[in-house]
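Read through the structure below, which is laid out as structure tokens, and then see the notes.
Computed from the coordinates by the stated procedures, all read-outs in this text should not be read as laboratory data. Treat the numbers as computed from the prediction; the structure is a model and nothing was measured. Every residue, glycine among them, receives a Cβ derived from its backbone with ideal geometry; neighbour counts consider all protein chains shown.
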Amino acid sequence: MKVVLEHLTKRFPNRNRKGDDVIAVNDFNFEIPDGKLIGLLGPSGCGKSTALNLICGLEKPSDGRIFFGDKDVTNLPPESRGVGMVFQNYALYPHLTVRQNILFPLQNLKGEDKLSKEEMEKRALEAAELVMLGELMERRPRELSGGQQQRVAIARALVKTPGILLMDEPLSNLDARLRLQTREEIRRIQLRTGITTIFVTHDQEEAMSISDEIIVMKDGVVHQIGAPQSVYDDPTDRFVAEFLGTPAINIFDGEIKGGNVLLGGDVIGHAAGVPGGEAVIGIRPEGFKIAEDGPMHCDLGRVEVMGRDTSIVFTHTSAQGKQLRAIVDATTVPATLRESAGAGSEGKVSFTVNPFKMYFFDKTTGERILPKGENR
Amino acid sequence: MEEKEIELIEKKNKRKTTVRNTLLYILLTVWALVVLFPFYWMVLTSFKSYSSYNNEYIPKFYATDPTFANYGSAFTAVPLAKYFANTLLFTFATTALMLVVIILAAFAFARLKFKGKGIAFTILLSLMMIPNELVIITNYVTITSLGLRNTFTGLILPSVTSVFYIYLLKENFEMIPDELYKAAKVDGTSDLKYLLKVMVPISKPTIITITILKVIECWNSYVWPRLITDNKAYFLVSNGIQEIRESGFGRENIPAMMAAVVVISLPLIILFLVFRKKIMEGVSRGGTKG
Amino acid sequence: MKKDLKAWLFLIPAIAFLGVFMIYPLFDVLIYSFEQGFNFVSQSFAGYGFYNYRFVLSDPYFLQALKNTFILVIITVPVSTGLSLLISLGLTSIPKLKELYQTIYFLPYVTNTLAVGLVFMILFKKTAYSDGLINLMINAFGGSSVDFMDGPYWAKMMVTCIYTIWIVLPFKILILTSALSSVNPDYYKAARVDGTSRARIFWRITVPMISPMIFYLVITGFIGAFKAYSDEVALFGVDLNTAGMNTIVGYIYDMLYGNSGGYPSFASAAALILFVIVFAITCINLIVRKKLVYEG
């Protein structure tokens, strides 16, 4: 089922009465296509959980409307919306077994929706098998590992065959290895059931790796929506560029003059058609290439060997951050560089910059500056 | 679902919550009144004059002619001030002595390693299950045969230990990291100095909680003082109030009685309002009543 | 060893006090209870046996006290636990003024039982001057006055129960409110998303989650109610036997001291009977608890 948000806004009254309202969700306007997995991504406290609560009905919007398919559900209570929700800490009832937990939502059904005992058991077993938990039906949640608990939560959310599945930071309570496994598992279940899924996370890598589309938001405002790769390659503003990618993008104060990109007097690249003036310049770590005669002269910090790649930490006078980082193919690193890195602060390194990994942003608004005539 | 139907659900939900909340507030307020009413009545009655109180067949909810006279007779007709002073002394001495005893014991159990610690602690824990009623008989006989009836020593001694507070404090002491103790040992700090300079200050919140709970307990203690004192010069407020009730002001002078009740209730209520958070926290952590 | 010695030094005050006033009395009370014909003045007795227990168990005053105590327990424990659960539920679901209500509800805990008992007494008491406020209220609703303090047994018992509940509620409300607010709100959210009815949320989620605390309150409530005494003194005065409102603990003290006192052996036997009753009830409670309570 597709989800459409129209001017969706949620304001919370400020704690101390004099302050302005806190706008947790500001004018959300987008459509989530049927059967897709969507990652709602943003730093903590940006309003993404509020957005999720609005969609599932736990909170009432201050403004705007929500549609599931063609149906306006804005004022419906959560139970009438047909959503399944997985909570950050799973919210499994500790005193009930896995079976009882999964049965719980079915037992709430009343009137014509009411199911027979056998039907309930059958559905619960189906849901458990979908998440590969058929063996553990009689266990209590605390007898399960974190990953298993997570899957019980998913089974419980899916057992009512909801039209939409919502997940609030579903992986944040798992350790690193389980997180990788579980996110693949979520993707597998989502693809198998074809259910429209929205999941909230602050981990950009997590969001990018399994989502069909990601929605990047900050302070209640949606900054960009798109397929993970295109959002990464073509960020709409400085926040999105900085938020996506590890290691983070390197940020410089520079200038654009006559189609050239200037960094502290050096011309490090060309920017045909980009309007001139001072600008913030962002360069992805993988956008650097070591070249003895490269235009970008930097002070070498240290060289970190990572196997296939090498990470070079360096500084530059125009940089906004203290430390900059480049990821380069290990074979391109000259032996002399590694030696001089150990020798203290005397080392120098020069780079050429890949123009497709370089972005220009407005100094004050953070908006992306694009070449004239180019539109995204 | 139709637009109208949705609207209907919305309206119904809204109305339901408003009705529910209103009802809730009404019920909670009713209970608040039930709780507060006796306090109101006691203050009100204490300001009514003896004659006007007895003339009101239907008691008035306000004092027609408020008077402080009852407070005067509460202090003059019965030695209320003496009861007060006794209780203060009793409360202060008992609490202070108890703190010394339990801090030392809790320290030994929490920090020191010694032979027999396990069994000593087990005995301590099992003592928590012993009801006061079981031991009070012998204590009464002991104190009587020591000739300590109608003395403060006799009043205070059996009340200075509390197994539960030793336990509570020990748990608290144990949360202080070992490293601090080791560091102090390296610096050559003695155990006693470490206890006083490090552990006690760190555990101050718990010690304050215990102190407040003990003060409340002492202020309200009735059974033991009743057994051990029959001389009015050693009465505590609870016994005093009972005495006032039994033979009191010569006649049934209820307004004066209420004045006395107000006077002895006030200190604890003030203490409560000042340390509200601490008291409620402390009680929910380990206080019981009865 | 020196180290051991030092540790015991820290323990000496506690051991001394506990030894004299708790451990020794424990054995002593047992011996007392079997000493027949103990004379307090000469400190002598006739021999050992079960006479004290036989006497106490056939003493009409004790049987009255036993009956009173049991009625008190059976009424006040369930009513106060249920009422405090309702009030706590109300408290946790209101958006505003929660702290104010909490503070008010806690007030009876910090008041002197004896003192406030007097207020209850004058509210219920029928005197020559006035029938008392409660009776006037009953009259206003068309009932006729009842002499609560000197009248029929049920009336006296009712006042006692009301006062006891008034006194014990603050503690229970406090414990349950903090138990309720420590339940993770996600459970309720999850239940709402699944369309769980209020009643079902209450019985299937709230109650199991706070069941350990409910049981703690039931156990301490039983123990406390079995030891009832000063509330009755507050209402009816020291001479509880005459009022017919004595309790087991009251009986113990009366045997020990006061007009009918001077019989520590009878008091000891009664105290041990009380201890056995409380112990048995606690054991039953613990067994039931194992079956009913979810252990987190």
So, relative contact order of chain B in percent, Cα under 8 Å, 6 or more apart, is 31 percent
TM-like helix rule applied to chain C (DSSP H, alpha carbon span at least 15 Å on the long axis, mean Kyte-Doolittle at least 1.6) gives C:113-124, C:207-226, C:264-292
Using alpha-carbon positions, the gyration tensor of segment A:248-361 gives root eigenvalues a ≥ b ≥ c; with a/c under 1.5 called rounded, otherwise prolate if a/b exceeds b/c, else oblate, the class is prolate
Expressed in angstrom and rounded, the centroid-to-centroid distance over alpha carbons for segment C:200-266 and segment A:209-258 is 69 Å
Protection proxy (average C-beta count within 10 Å per residue), highest first, orders A:152-161, A:202-211 as A:152-161, A:202-211
Close lysine pairs (segment A:248-361; alpha-carbon distance under 21 Å; 8 or more apart or on separate chains) counted at 6
Per residue of B:190-201, other chain Cβ atoms within 10 Å number on average 1
Length-normalised contact order of chain C, Cα under 8 Å, at least 6 apart, in percent, tallies to 27 percent
Distance in Å, no decimals, from the C-alpha centre of segment A:128-173 to the one of segment C:1-76 is 57 Å
For peptide B:271-278, the mean count of other chain Cβ atoms within 10 Å per residue Cβ is 2
Plugging the Cβ-Cβ distance of B:LEU146 and B:LYS277 into 1/(1 + (r/R0)^6) at R0 = 45 Å yields, to the nearest 0.05, a FRET efficiency of 0.60
Eigenvalues of the alpha-carbon gyration tensor of chain B, times 5 and square-rooted, give semi-axes in Å, largest first, of 42, 37, 17
Heads up, chain A by the C-alpha gyration tensor (a ≥ b ≥ c square roots of eigenvalues; a/c under 1.5 rounded, else a/b over b/c prolate, else oblate) looks prolate
Across segment A:3-239, qualifying lysine pairs (alpha carbons under 15 Å, at least 8 places apart or different chains) come out at 10
Scalar couplings 3J(HN,Hα) for segment B:149-156 by Karplus 6.51 cos²θ - 1.76 cosθ + 1.60 (θ = phi - 60°), nearest whole Hz, x for Gly and Pro, are 5, 6, 9, 5, 4, x, 5, 7
Restricting to lysines and to Cα separations under 25 Å from B:LYS193, and discarding same-chain partners fewer than 8 apart, the set is B:LYS113, B:LYS115, B:LYS117, B:LYS170, B:LYS182, B:LYS185, B:LYS204, C:LYS2, C:LYS3, C:LYS6
HN-Hα couplings for segment A:268-283 via Karplus (6.51, -1.76, 1.60; θ = phi - 60°), in whole Hz with x for Gly/Pro, come out as 9, x, 10, 9, 4, x, 7, x, x, x, 5, 8, 8, 10, x, 10
Shielding of C:180-192 by other chains, given as the mean Cβ count within 10 Å, works out to 5
Under the helix-only model (-39500 (n - 2.57) for each DSSP H run of 4 or more, divided by the residues of the protein assembly as shown), the mean residue ellipticity at 222 nm, to 500 deg cm²/dmol, is -17000 deg cm²/dmol
Relative contact order as a percentage, segment B:167-290, C-alpha pairs under 8 Å and 6+ apart, gives 24 percent
Exposed GluC sites (Glu not before Pro) being those in a DSSP loop with at most 15 other Cβ atoms within 10 Å, the longest stretch of chain B free of them is B:57-290
Rounded to whole angstrom, the alpha-carbon centroid of segment A:263-279 lies from that of segment B:103-148 at a distance of 83 Å
Expressed as a percent, the portion of alpha-carbon pairs in the protein assembly as shown spaced more than 36 Å apart is 65 percent
Two pseudo-spin positions, 7 Å from Cα along C-beta at A:ASP27 and at C:ASP147, lie apart in nanometres by 8.1 nm
Expressed in nanometres to one decimal, the distance between label points 7 Å along Cα→Cβ at A:HIS270 and C:ILE281 is 9.5 nm
Those trypsin sites (Lys or Arg not before Pro) from segment A:251-334 that are DSSP loop and have at most 14 other Cβ neighbours within 10 Å turn out to be A:ARG308, A:LYS322
hull vol. (C-alpha, convex hull) per residue for segment B:81-125, Å³ -> 70 Å³
Heads up, segment C:66-292 by the C-alpha gyration tensor (a ≥ b ≥ c square roots of eigenvalues; a/c under 1.5 rounded, else a/b over b/c prolate, else oblate) looks oblate
Longest chain B segment clear of trypsin sites (Lys or Arg not before Pro) sitting in DSSP loops (not H, G, I, E or B) with at most 14 other Cβ atoms within 10 Å runs B:116-290
Two pseudo-spin positions, 7 Å from Cα along C-beta at C:ALA155 and at B:GLU7, lie apart in nanometres by 6.0 nm
